[in-house]
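Asks: Got a structure here, written out as C-alpha cells. Questions coming.
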Amino acid sequence: MVDIYSTNEMLKALPSLRMAPQFFQDTFFPGVVNSDREEVDFDLLDDELRLAPLVSPLVEAKVMKMKSYQTSSIKPAYVKPLFALDPKQPLRRDAGEAVGGSMSAKEREAAILARGLMNQRDMILRRIEVMCADFLKTGKITLSGEDYDAVVLDFGRASGQTIALTDGDRWGQSAVSPYDDLDSWIDTMATAVGAAATDVVFGKSAWALYIADDKVKNSIDRTLGQGNSVELGQTARAPGKAVWKGRQGTVDLWMYNDTYIDENGDTQTLIDNNHVIGVANEAAVGTQGYGAIVDPASGFAAVSYFPTSWLEPNPGRRMLMTQSSPIPFFGRPNASFCAKVQ
C-alpha cells in the first residue's frame, strides 16, 4: 500500500495541486536556483558600456581590463508552516461530500493531506510574492519575524529609481502629466540598465489617475494590434489578480491589487494603490533562489520545498510541515523603478 504521507509521495503531489498563481514571481522572477548550502549565491551583472579605443592598425593593442560580474551571497530567511491534523476529521463527512458520506476514511485522509499541502505551499508562495513586491518597490528586501532578527538586504538599485512625488508634483494636481512622468522614469531606468521597459504595474488609484491624462487615452493599444477590441482581463502572462490594461508602444500596462494577511491579521495590498512599478523584464534576470533544507531527514536537499510528516502519540495526531528557504533577486537590480504618485 502506498504511504501517502511519505515525503516522496507528497513531493509528487505538490506540483499537481491547484495553487494560487503569483503575478510578480511568475512574470518578473521566473528563474529558479537551488543551492546545496544555506547561502544562495547571486551574480550582479556589470554590463560593458565602454567604447573600443581607436588605434592605428600598425601599433600594438593596449591591454584593457575586462569587466565581469560581482558575486554576493545571502542566507535566506527560513519558512516552515506546521499543521497539526485533526485525527477525527477523516471520520467525518468532508467538505463537498454527499450528505451521509460517500468516501472512506482513507479517501478523506488523502483529501485532507492534499488541502494541507496546498495551504502550506500557498502560504510560502504568498511570502515570496511579498518579498518580490518589496524588491520591486525599493530594491531592498526586509526580513523579520519571530526568532529572526530583522535584516535589510540592499541589492544596490540606483537611488533615483525609488521616487516619491511631493506636493505640487503629485498625480491629479494641476498641470501634472502622468504620461510625461512615466515617460521620464522609463528613460531613467533605460539609461541605468541599458534596456527598454517591458512592463509597468499600477496600483488601483495610480491607474485611475494615469488613464485620466488626455495624452494617455490616445496612446494605449487595448487590442494587442487586432482589428477588433478584446475584453480586457487576465492573459497567459497575468496570473492572480493582475489585469492587463493595454499596451503603450512596447510596454505592457497592468493593474495589480492582490492582497495578503500579515502577522497581525490585517489585510495588506502587495503594492500600494498609489504606486507605479516599472520593469525592464528582458534585462532583469529575475530569479528565485532557495537555500538548502536544514533537516537531516531531507539529506540537506537542494530543493525549493520539502514536505514531511510524522505521528505524535500523546495525543495521537499527525503533523504536516513544508520547509523552504527562498529569496528573490534581479541579476540587474536597476531593471526596475517604483514611484509613489500621491
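Asks: If the only charges are +1 at each Lys and Arg Cβ and -1 at each Asp and Glu Cβ, what is the size of the charge dipole of the range 263-342 around the Cα centre, to the nearest 20 debye?
Replies: Roughly 100 debye, rounded to the nearest 20.
Asks: While we're here: Can you tell me, using C-alpha contacts under 8 Å and at least 6 residues apart, the relative contact order of the range 86-211 as a whole percent?
Replies: Value for the range 86-211: 12 percent.
Asks: Rounding to the nearest 20 debye, state how big the charge dipole of the range 154-194 is about its Cα centre with +1 on each Lys and Arg Cβ and -1 on each Asp and Glu Cβ.
Replies: It comes to approximately 120 debye.
Asks: Give, in nm to one decimal, the length gained when the segment between Asp154 and Ser102 is fully stretched (0.36 nm per residue of separation minus the Cα-Cα distance).
Replies: So the extension gain works out to 13.3 nm.
Asks: Label the range 255-342 by shape, choosing from rounded, prolate and oblate, from the square roots a ≥ b ≥ c of the eigenvalues of the Cα gyration tensor; if a/c is under 1.5 it is rounded, and otherwise prolate applies when a/b is larger than b/c, oblate when it is not.
Replies: Oblate shape, in that a/c is at least 1.5 and b/c is the bigger or equal ratio.
Asks: Place the peptides 22-34, 154-166, 317-329 in order of packing, highest mean first, counting for every residue the other Cβ atoms within 10 Å and averaging per peptide.
Replies: For the peptides 22-34, 154-166, 317-329, the packing ranking is 317-329, 22-34, 154-166.
Asks: What distance in nm separates the simple spin-label points at Ala212 and Ala164, each placed 7 Å from Cα in the Cβ direction?
Replies: 2.3 nm
Asks: Over 27 Å between Cα atoms, which of Lys140/Lys217; Lys137/Lys241; Lys215/Lys340 qualify?
Replies: Over 27 Å apart, Cα to Cα: Lys140/Lys217.
Asks: Highest mean first, how do 256-267, 117-128 rank when packing is the count of other Cβ atoms within 10 Å averaged over residues?
Replies: Highest-to-lowest ranking by the protection proxy: 117-128, 256-267.
Asks: Out of Pro328, Tyr260, Cys338, whose Cα points farthest toward the positive end of the dipole of the range 247-342 (charges: +1 Lys, Arg; -1 Asp, Glu; placed on Cβ)?
Replies: So the residue furthest toward the plus end is Pro328.
Coordinate-derived values only; no laboratory data. Worth saying up front: this structure is predicted, and the values here are computed from it rather than measured. For neighbour counting, all protein chains shown are included, and Cβ atoms are generated from backbone atoms with ideal geometry for every residue, glycine included.
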